[in-house]
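Please read the structure below before turning to the comments.
The values are calculated or read from the model by the stated rules, or taken from the named source; none is laboratory data. Please read these numbers as outputs of a predicted model, since none were measured by experiment. Ideal geometry is used to build each Cβ from the backbone, glycine not excepted, and the neighbour counts take in all protein chains shown. Please note that ligands, DNA and RNA were not included when accessible areas were found on the heavy atoms of the full protein model with its side chains. Shrake-Rupley method; radii C 1.70, N 1.55, O 1.52, S 1.80 Å.
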Amino acid sequence: MLNRLFKLFLLFSAILSVKAQDCTYSIEGSVFDLGTHLPLSDVNIFVTETSNGCCTDERGLFSLYNLCEGEYHIVFSHIGCEPKKFHINLTQDTVLHIDLSHTISSLGIVHLDEQKTGHINQPSLSISKKTIEENLTKNLGGLIENETGVSLLKSGSSLSKPIVHGLFGNRLSIINNGIIQSGQQWGKDHAPEIDPLSSNRITIIKGANAIGYGGGNLGSVILMESKKIAHEPHLHGYVNYAFETNGRGNNLNIQLEKYTPKLAWRINGTLKKYGDKKTSDYYLRNTGVEEANFSIQLEKSWGERFFLNFYGSTFNTNLGVLRGAHIGNLTDLKRGLSRDVPFFTEEDFSYKINAPMQKVAHHLAKLDATYLINEDEELKFIIAAQQNNRKEFDIRRGGRSDLPMLSLLQNTLNTEVKYTRKMKNSWKLTLGNQNIISDNTNNPETKTSPLIPDYISFKGGLFGVASKKKGFLLINMGLRYDIENQNIVAIQNTIPRTSKRFRNNFHNLSAASSFKFDLSKNQSLLFNTGYATRNPGINELFSSGVHQGVSAIEDGNIHLKTEKAFKNTLEYKWVPSTKFSLSALAFHQSFENYIFLKPQNEMKLTIRGAFPYFKYEQTHARIYGFDFSSEITIRNSIQGIIRYSFLRGKDTSNNEPLISLPSNNLFTSLKYQFDRSINLFENVRAEEFEIDINNKTVFKQNNILSTQDYSPAPSTYNLLGLKVSSRLVFPNHYLNCFIKIENLFNTKYREYLNRHRYFADDIGLSATLGLNFKF
Amino acid sequence: MASVALGALIFSSCEKDHAHVHNEHEVMTTLTFTLTAEGADTVALRFIDLDGEGGNEPTITGGTLKANTTYAGSIEILNESNPEDVEDVTLEILEEDEDHQFFFTSTVDGLTLTYTDQDADGKPIGQTNELKTGDAGSGTILVTLLHEPNKSGANVSTGDIANAGGETDIEVTFDVNVE
């Protein structure tokens, strides 16, 4: 298939050159920065069909001469920018004006385009498609972990959950193409079931104002978005391949898209296979991953008013869990802690995945319709269905390892109606309703008592958001009300077992407002304040039993009340030019009835020995911190980035630190881009040759008591990374490639938020070779 | 508005089906360590926790052994979580004897335990064993059953748990007197 496409592409290029007769046309134009509206110099301009190009001057101007009549694809790229591709049918001399979103986009300035995204006035950061593609070996967590305010809760090398401003799981929503991801997100070792490679942009909203998203989040949201299919009549796409040495992983990601006036379509597929990962000196047995994902996006419009989009995706993974981290009781945990190398470690590498393992599938089908009533009014409907199928396998007796220990099937239906209106007095109003119905069933195949009960839950929410821009001030206010009805059938701990019904009704209220003051042309101050409530999740109410990974008995508490959170953020942004930007964000979130697992004074005695006993309880708490990031470009070829995150959390009722919060961390990166192309062979040259050296320092988590954990928090560690990338230009096509080395010094380390740190070191050196072919 | 109506309809009419209450497999509720010797009373050390992990506290029965006596020991494990359908887990363990081993640790002076059974590889299992008492004294006996231990580990076949790995299926402690 690919070969054919490639031939087609070559043929197509050939036709273009044959057809060309009158080669006297020119394209002139200018390139500006989208954020600052300042001209961008040294932007590389590359005409795919002719393999020629030029650069912009200090005024952002460029010109291309002696072009023949025909169709051209022009790529605009700049150090640290997401390249922009432009299609043109050249029939006369043409002038182009291009806006590039400079790296400052990662500070959220790209969202100045409020019409598109609607979350301009919240502290947020974005990850571009370029970054996503260059990290195709990573899962969602790995992709965003170097951003400020973001950390990961890991269970070994391949399972990670994102944490934003200290919150994760039930308290953090992930929105996949407009739909709130619905699965077993309560589990500490349940990674989000999403393929980030099918997204064009990942946005992390760190505000207090996620009124339009719902779903029990207390402020922060991760948005995964696919961009609209470009109005390009040709078949376009890319092939990404990467090989990673650690885990001997192969990654393949292919995307194809085409626009026709009748229907625009895009498909995206990913295949991954990894074997055992390696620490600085031993293999982590049974840590392989297999993944196969596919997504399809269809867009159709009727006239200028009615738009219909379909998005379908399927995510399927098999994940091995470190064999040496599978334990039976506290004695085993202590024996694990006393060892340098985990039990069951083997000399040789293997791709085999055996129990303990997870098999997870998540499918989504979504239809959304937008109707522009008139210039000022818009109506949007969404309906979506999701299925989440999670099976977890443990080492079991009597040949039962083939039976999952946990097998949960969740079907979810989402509906949404949203009405937006621009008022005469420059107010913009959005009103909406969102409903979520989830049906969660334990498959009886496990032959054990389920960890969480069967239930059906209904969530209905109404919200309204009003915003207005007046002079130097931008105001945004929102209100939201949700009702949740839980209908539960729980198995009771009686002899013999019986089941009992519970019905819960909860009401949640959120209110938020934000104010953005433009202090001057290039400085702004953004203040967000928000109140949100979250009702206890099913696991917090009803879970019961031994939590294998940490050897503890954890019990739910049916008396839990709704959790209330109040969050304030203040962000200062200074962007004096396209060459320098700075953002400083401080936040404070206080909780009433914060739900957490409280260690009880008793140990529970079982046939497997005594277990520490935890119960879900409530307390008052607060989490506060700040994120700092700055980027500087020197002489258009050197770019420096610095990011620092600081976070503290406290249980204020019991006057002790909150556990499982991210440590403070510092990320720095220095990039150098050669401004000239290098001739490698005849007809092959390397352009945009770039070297990137980065370092991440994760400081020791000192903010816990020694009595709060089985082992002390690991020491501070540094991970050095190196990346070399370039575009290889052949006569009729080009290939982007990169070589990346992570943990360059093969540093031996353990991470506080990796739950396998009790048993094993973290990942050692890993080199990745990546190739990207766009057509 | 249609979605509100749809939601309301489902809201009022949904009821979750009954959960599947079935026999739990793999659960162990009862361990009996029977010790017999000629000229001495038979002693049954017993651990019972019918409702499984969590919930009610288990019942543990210790015993009194005769000094300077050699007992034949035998361990039986049952799943009595459903009184109507009691399962003998001992058989399951013996079927996978290469993947299981009992370990014994005693704090009683002079009390020793040795293996008297073997799996197909000639490695000990410990389901049957020999217990020798010394002079009078008192203390505890800790019985541990490991799943997938490394039976070839250093000193594992003589009952040293330190290098065995694996995960603990059973770990119970009995009070014993030697008179």
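Keeping all protein chains in place and using 1.4 angstrom, which order do B:Leu91, A:Leu379 fall into by accessible surface area, from largest down? Mind showing how you got there, number by number?
Numbers: B:Leu91 105, A:Leu379 45 Å².
Final ranking, largest accessible area leading: B:Leu91, A:Leu379.
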- Diffusion coefficient in µm²/s returned for segment A:49-91 by Stokes-Einstein, Kirkwood Rh over C-alpha pairs, 10 °C and 1.306 mPa s, is 135
- So for R0 = 41 Å, FRET eff. of B:Asp88-A:Gln600 from the Cβ-Cβ r, to 0.05, ends up at 0.75
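Could you put A:Tyr481, A:Tyr259 in order of accessible surface area, largest first, with the 1.4 Å probe and the full protein assembly present?
Numbers: A:Tyr481 90, A:Tyr259 55 Å².
Correct descending sequence by accessible area is A:Tyr481, A:Tyr259.
Excluding ligands, DNA and RNA, what is the accessible area buried between chains A and B, summed over both sides, using a 1.4 Å probe, to the nearest 100 Å²? Write out the running numbers ahead of the final one.
Values: alone 33610 and 10840 Å², together 39460 Å².
Buried: approximately 5000 Å² between B and A.
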- Item | Over segment B:15-148, relative contact order from alpha-carbon pairs under 8 Å, at least 6 apart, % | 23
- Query: How much accessible area does A:His588 have with a 1.4 Å probe, in Å² rounded to the nearest 10?
  - Reply: 70
- With only alpha-carbon atoms counted, please give the Rg and Dmax of chain A, in Å. 26.7, 90
- Query: What is the spin-label model distance, in nm, from A:Glu375 to A:Lys422 if the labels are put 7 Å beyond Cα along the C-beta direction?
  - Reply: 0.8
- Item | A:Leu670 accessible area, 1.4 Å probe, all protein chains in place, Å² to nearest 10 | 100
- Task: Give the angle, between 0 and 90 degrees and rounded to the nearest 10, that separates the Cα long axis of helix A:2-19 from the longest principal axis of the Cα atoms of chain A.
- Result: 20
- Note on the structure: Distance in Å, no decimals, from the C-alpha centre of segment A:687-725 to the one of segment B:90-121 is 46
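Given N residues in segment B:106-179, what is its alpha carbon radius of gyration divided by 2.2 N^0.38 Å? Could the numbers behind the result be given before it?
On the way: Rg = 13.2 Å, N = 74, 2.2 N^0.38 = 11.3 Å.
Working it through for segment B:106-179, the quotient is 1.17.
For segment A:424-471, compute Rg over Rh where Rg is the Cα radius of gyration and Rh is the Kirkwood radius from the inverse mean 1/r over Cα pairs.
Working: Rg = 21.0 Å, Rh = 14.8 Å.
Radius of gyration relative to Kirkwood radius: 1.42.
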- Note on the structure: Short to long, in 10 Å steps from zero, the percent of alpha-carbon pairs of segment B:13-170 per bin is 10, 35, 33, 15, 4, 2, 1, 0
- Bins of 10 Å from zero: percent of alpha-carbon pairs in segment A:355-407: 21, 25, 18, 14, 12, 8, 2
- Message: Need one value: the accessible area of A:His97 in square angstrom, 1.4 angstrom probe, rounded to the nearest 10.
- Response: 140
- Task: Return one number: the angle in degrees, 0 to 90 and rounded to the nearest 10, between the long axis of the Cα atoms of helix B:2-13 and the longest principal axis of the Cα atoms of chain B.
- Result: 50
- Message: No solvent, one uniform scatterer per C-alpha: report log10 I(q)/I(0) for segment A:198-308 via the Debye equation at q = 0.22 1/Å, two decimals.
- Response: -1.09
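Given an 8 Å cut-off on Cα distances and at least 6 residues of separation, report the relative contact order of segment A:23-72 as a percent. If you can, show how the numbers build up before the last one.
Details: 90 pairs, mean separation 22.7, N = 50.
Computed over segment A:23-72, the figure is 45 percent.
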- Task: Using only the Cα atoms of segment A:506-636, each taken as one equal point scatterer with no solvent, compute I(q) by the Debye sum, divide by I(0), and report log10 of the ratio at q = 0.13, 0.17 Å⁻¹.
- Result: -0.73, -0.92
- Task: Using R₀ = 30 Å, calculate the FRET efficiency as 1/(1 + (r/R₀)^6) where r is the Cβ-Cβ separation of A:Phe730 and A:Leu271; round to 0.05.
- Result: 0.70
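Taking R0 as 41 Å, what's the FRET efficiency between B:Ile48 and A:His620 from their Cβ-Cβ distance, rounded to 0.05?
On the way: r = 42 Å, r/R0 = 1.02.
With a Förster radius of 41 Å, E is 0.45.
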- Message: Modelling each spin label as a point 7 Å along the Cα-to-Cβ direction, I'd like the A:Leu429/A:Leu61 distance in nm, to one decimal.
- Response: 4.9
- Note on the structure: The rounded separation in angstrom of the Cα centers of segment A:241-309 and segment B:60-84 is 58
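What relative contact order, as a whole-number percentage, does segment A:397-502 give when Cα pairs under 8 Å and 6 or more residues apart are counted? Intermediate values should be presented prior to the final figure.
Numbers: 212 pairs, mean separation 23.4, N = 106.
Across segment A:397-502, relative contact order equals 22 percent.
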- Counting every C-alpha pair in segment A:437-531, the percent lying more than 22 Å apart is 56
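Give the dimensionless ratio obtained when the Cα radius of gyration of segment A:285-377 is divided by 2.2 N^0.38 Å.
Details: Rg = 24.0 Å, N = 93, 2.2 N^0.38 = 12.3 Å.
Dividing the Cα radius of gyration by 2.2 N^0.38 Å gives 1.95.
Quote the convex hull volume per residue of segment A:128-242, based on C-alpha atoms, as a whole number of Å³. Could you put the intermediate results ahead of the total?
Values: hull volume 12.9 nm³, N = 115.
Cα convex hull per residue, to the nearest whole number: 112 Å³.
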- Task: From largest accessible area down, sort A:Phe472, A:Phe626, A:Phe344, A:Phe393; use a 1.4 Å probe on the protein chains.
- Result: A:Phe472, A:Phe626, A:Phe344, A:Phe393
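How long are the three semi-axes of the equivalent ellipsoid of segment A:608-749, in whole Å, if each is the root of 5 times an eigenvalue of the C-alpha gyration tensor, listed from largest down?
On the way: eigenvalues 432, 66, 33 Å².
Rounded to whole Å, the semi-axes are 46, 18, 13.
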- Message: What distance in nm separates the two pseudo spin-label positions at A:Ser401 and A:Leu705, each 7 Å out from Cα along the beta-carbon direction?
- Response: 4.1
